[in-house]
């Protein structure tokens, strides 16, 4: 191989360099295509996450808006329970 390089002309060297540039260019195009596809997948995943996050935000807002109603009902239930407990104690005392 070393002997072949000694007999190379500048034109031969130019042809070899041109071939290397073409091969490198093809490799770069392939790599860029791979990166482009991966980026498209990431964008699609991100879009899906945005939709899911929007749904979660909607659910959290609904829960915040309706939590006071739930707590009010729980307070009423606890009050009824305590009233019933008091009445049962009163009845138990009367029976004694």
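Coordinate-derived values only; no laboratory data. A quick note: this is a predicted structure, and the numbers were derived from the prediction, not measured. Glycine also receives a Cβ, built like all others from the backbone with ideal geometry; neighbour counts cover every protein chain displayed.
Only one of the listed residues (83, 45, 75, 11) is surrounded by fewer than 10 Cβ atoms within 10 Å (Cβ to Cβ) and assigned to a helix (DSSP H, G or I). That residue is 11.
Is it fair to say residue 93 is more than 26 Å from the chain's Cα centre (by Cα), part of a helix (DSSP H, G or I) and surrounded by 10 or more Cβ atoms within 10 Å (Cβ to Cβ)? Here the answer is no, as residue 93 does not meet what is asked.
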